[in-house]
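To keep things clear, I will list the structure first and then write my remarks on it.
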Amino acid sequence: MTNKASQDAVVIERTFDAPVDLIWQMWTDPERFKAWYGPDGAVIPVAKMDVRIGGSRLVCMEMSSPGGPTQMWFTGEYREVLENQRLVYTESMSDEHGNVSSPPGMGDGHPVTTEVRVELEDVGGRTKMLLTHAGIPGDSPGAAGWAMALDKLAAYVA
Amino acid sequence: MVDSIGTLGYFPTWFISCYGKYQACVIMIAIDEDRLTETFSALANSTRRAILARLAEGAATVNELAEPFAMTLPAISKHIKVLERAGLVVRGQRAQYRPCALDGARLEEVSTWAEQYRAVWEASFDRMDDYLAQLQRQTKGRRTL
């Protein structure tokens, strides 16, 4: 397991002892996705995924808290869908109908959108996965991979 | 732009950190979202990113920065002003040269913001590992039957 801290994104590389098509299902089959996604203690009661370019997704995360269960909803759109190779989608907090909302505590509308990029590679029956989770500048929603251009800067700040 | 905790415009970004069996703890990380938006906007331009990449190698004058681009000096100056306003670039006071230099503080904020997600992902992938092992045991079990 290797972790690289880029200046602008979380990059996690991890190898799973499973074939690439199974890892693809982990991300694209709602039932499989629900089984692992989210922080410890969270359950995923709802995962709707229209896995095709432009298709939407809606995920509910439920956490038990002293005051009862708390639900958080996330919506997004698939940007790249290349079976067993690459999956790119956006994510914003939303309500249960998929209407984008601002994170709690925030006044009016600065929805924070992030982009999740999953790249898979078959390594002799195992699967190497590269996850990149980056923020997307508000005025360039289509700037997939923009984060990469800043690699040089990471060295400067490090 | 506000730079103290608790003031309007400065709000905590939620972050789920750890969950015990009976109680949840939610850690709030304070990040100035307005400033983050400004930083992201400034970064959302390939010319400006190229300027920053050049400055990562060392300070440079506006003329030097303009060189690789097919752009007028005023156009480049405009981009530099955007970077300056976002706090990504600082200008020196040396006579009329006023060399530009990179200021890493804002980029670190972007990094801090992004890093919030790491713990959540790592926990998820640990669970994926367990789930995969469980699925593959089931498949093996079926095969041997």
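Values quoted throughout were computed directly from the atomic coordinates according to the rules given, and no laboratory measurement underlies them. Keep in mind that what you see is a predicted model, and the values were worked out from it rather than measured. Cβ sites come from the backbone with ideal geometry, for glycine too, and all protein chains shown count toward neighbours.
Listing for the model above:
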quantity	calculated
Net charge, A:Tyr89 excluded, C-beta distance under 10 Å - Lys, Arg +1, Asp, Glu -1	-1
Gain upon complete extension [A:Lys34, A:Asp17; 0.36 nm per residue less C-alpha separation]	4.2 nm
Theoretical FRET efficiency, 1/(1+(r/R0)^6), r = Cβ-Cβ of A:Glu96 and B:Glu122, R0 22 Å, to 0.05	0.20
5 angstrom amide H check on A:Thr15, placed H, neighbours 5+ away	A:Met129
Pair B:Asp34, B:Ser77: separation of 7 Å Cα→Cβ label points (nm)	2.9 nm
Average beta carbon contacts from partner chains per residue of A:67-76, 10 Å cutoff	1
Where trypsin sites (Lys or Arg not before Pro) fall in DSSP loop in segment A:24-82, at most 16 other Cβ within 10 Å	A:Arg52
Theoretical FRET efficiency, 1/(1+(r/R0)^6), r = Cβ-Cβ of B:Asp129 and B:Ala105, R0 45 Å, to 0.05	0.75
Order of B:Thr61, B:Thr72, A:Thr127 - criterion: other Cβ atoms within 10 Å of each residue's Cβ, fewest first	B:Thr72, B:Thr61, A:Thr127
Difference of contour (0.36 nm per residue) and Cα-Cα distance, B:Arg94 to B:Glu57	11.4 nm
Which of A:Ser65, A:Ser94 has the fewest Cβ neighbours within 10 Å, and the rest in rising order	A:Ser65, A:Ser94
Selection of GluC sites (Glu not before Pro), segment B:42-145, meeting DSSP coil and at most 12 other Cβ within 10 Å	B:Glu57
